[in-house]
Structure formats: structure tokens, C-alpha cells
1. Quick check on my filter: what residues within segment 53-83 are touching a residue at least 12 places away in the same chain (Cβ under 8 Å), farther than 26 Å from residue 211 by Cα and over 16 Å from the mean Cα position of the chain (by Cα)?
2. Across segment 97-120, what is the total count of residues that are outside any strand (DSSP E or B) and at pLDDT below 95?
3. Here is a check on your reading of the model: is residue 73 outside any helix (DSSP H, G or I) and modelled with pLDDT under 95?
4. Here's a check for you: in segment 130-163, which residue that is at pLDDT 85 or above and surrounded by fewer than 21 Cβ atoms within 10 Å (Cβ to Cβ) is nearest to residue 213 (Cα to Cα)?
5. Before we move on, is residue 122 touching a residue at least 40 places away in the same chain (Cβ under 8 Å), crowded, with 20+ Cβ neighbours inside 10 Å, within 27 Å of residue 171 (Cα to Cα) and in contact with a helix residue (DSSP H, G or I) (Cβ under 9 Å, 6 or more places away or on another chain)?
6. Among 52, 85, 58, which is the only one that is touching a strand residue (DSSP E or B) at 6+ places or on another chain (Cβ under 8 Å) and modelled with pLDDT under 95?
7. Which of the following residues is touching a strand residue (DSSP E or B) at 6+ places or on another chain (Cβ under 9 Å) and part of a helix (DSSP H, G or I): 91, 47?
């Protein structure tokens with residue numbers, strides 16, 4: 001998938017008129033580096049969409065709950081309103097900045113979010129499927145998707161996880177079925193409310209199972 005590598009690890013341009021509040025340097029709290037970080041190992045990347053006022057400490061705790069060793073994490077702040085969608089075009093810059101000091105696996109870049117940001121992550125992945133390995137949507141709300149027919153053939157490599165709080169009313173079953181029919185590997189799963197460690201374990205298992213299957217197919 002050269003398009004992924006070229007688009008996300010080779011571009012650093014900013015969107016005209018936009019500036020980011022994030023800092024993607026090696027010692028930034030907007031970046032999560034695994035325990036025992038190995039410079040030459042190609043890490044999967046979890047990009048978490050968040051509000052500009054979001055807590056960097058919570059992002060670090062979320063990544064630790066998923067895995068302390070398996071992923072590089074990037075917190076990507078998104079302003080409210082229409083400008084938020086424009087800001088998403090700056091994601092390649094964030095990935096490029098982190099790739100200067102960390103080896104990132106170009107085919108394992110996952111866009112993630114919770115509630116409103118889950119919906120935003122899903123929509124952006126479907127709009128740019130060649131640039132991502134998939135998505136993680138936690139307790140998504142206000143889901144609306146538009147799958148371009150021009151992108152339809154590029155969807156089959158994607159993997160997507162819908163995580164919903166236990167006891168809530170499912171709002172994604174029909175959408176999950178539609179995405180599955182389009183060729184995306186979809187999992188829909190519940191987790192106990194307010195138990196981040198549990199939801200983190202589910203996310204880690206989902207992603208690692210896919211990576212292991214991929215490695216087995218190549219051997």
C-alpha cells in the first residue's frame with residue numbers, strides 16, 4: 001500500500017489557515033511511546049481524535065489501558081464545527097512529525113475516537129480508506145456515513161471496532177451490517193460503563209488478532 005506510506009509518512013504540509021494546538025515532539029504528552037520503545041520496530045499507530053480542551057493525561061492513561069508496549073499513540077485535537085473537518089487534513093503532518101523519531105507501520109494506522117469523535121473518525125476513514133488500516137469507535141453518537149462508490153474497492157483491507165457501553169441502546173447494528181457487506185472486517189462489542197481497562201483490553205485484542213492473522217498469511 002504505497003499510497004499510505006507516501007501520503008502519511010512523507011507529507012508535512014499544513015492546511016492553509018489552520019494551526020494546531022498539539023505538540024508532536026518526542027517528549028510531548030500528545031504522543032504515547034511504548035514502554036521499552038525500540039526505534040527500529042515498526043509500530044502500529046493509534047490516532048485518537050479529541051477536543052482541543054481534552055486532557056492529555058487521560059490520553060496517556062487510555063493508551064496504557066490498551067497496551068503499554070504494542071502501539072505508538074497520537075492525540076489529535078479537533079475544534080468544533082466545520083473547521084474540525086478541515087483540521088483532519090492535518091493528520092499527515094502529525095504522523096510525519098512522529099515518524100521522525102519513531103518507526104511507524106504505514107499499513108497499520110488506525111483512527112480512533114469516542115462519542116462524537118468516534119463518528120468523525122469513521123467518516124474520515126471511509127473518505128480516505130487508502131490511508132488507514134481501520135478505525136476504533138467508542139460509544140459512537142450521531143452516526144452518519146457516506147461511502148463513495150469511488151472508494152468502494154479500497155474498503156476491503158479495513159478493520160473496524162464498534163465499542164458500546166453495556167446496557168445502552170445499540171445505534172450501530174444496521175451500520176455495522178452495511179460496512180460488513182462492503183467488505184470491511186467489523187466487530188461490535190459491549191463493555192462495562194466506566195471501565196477503561198476493560199475497553200482497552202478489547203481494543204488491544206481486536207487489533208492484535210488482525211495483525212497476527214496478517215502475519216500468518218504472509219508466512
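1. Those that are touching a residue at least 12 places away in the same chain (Cβ under 8 Å), farther than 26 Å from residue 211 by Cα and over 16 Å from the mean Cα position of the chain (by Cα): 54, 56, 57, 79, 80, 83.
2. In the first step, residues of segment 97-120 are kept if they are outside any strand (DSSP E or B); the result is 97-103, 115-120.
Among the residues that remain, those that are also at pLDDT below 95 are: 115-120.
Number of matching residues: 6.
3. no
4. Applying the first criterion (at pLDDT 85 or above) to segment 130-163 yields 130-140, 157-163.
Filter again for surrounded by fewer than 21 Cβ atoms within 10 Å (Cβ to Cβ), leaving 130, 139, 157.
On the way: 130: 20, 139: 27, 157: 13 Å.
If we take residues in segment 130-163 being at pLDDT 85 or above and surrounded by fewer than 21 Cβ atoms within 10 Å (Cβ to Cβ), then 157 is nearest to residue 213 (Cα to Cα).
5. No; evaluated as a whole, the condition is false for this residue.
6. One residue alone meets the criteria, 52.
7. Residue meeting the stated conditions: 91.
The values are calculated or read from the model by the stated rules, or taken from the named source; none is laboratory data. Owing to the predicted nature of the structure, the values given are computational and were not obtained by experimental measurement. A quick note on method: Cβ atoms are made from the backbone with ideal geometry, for glycine too, and the neighbour counts reach across all protein chains shown.
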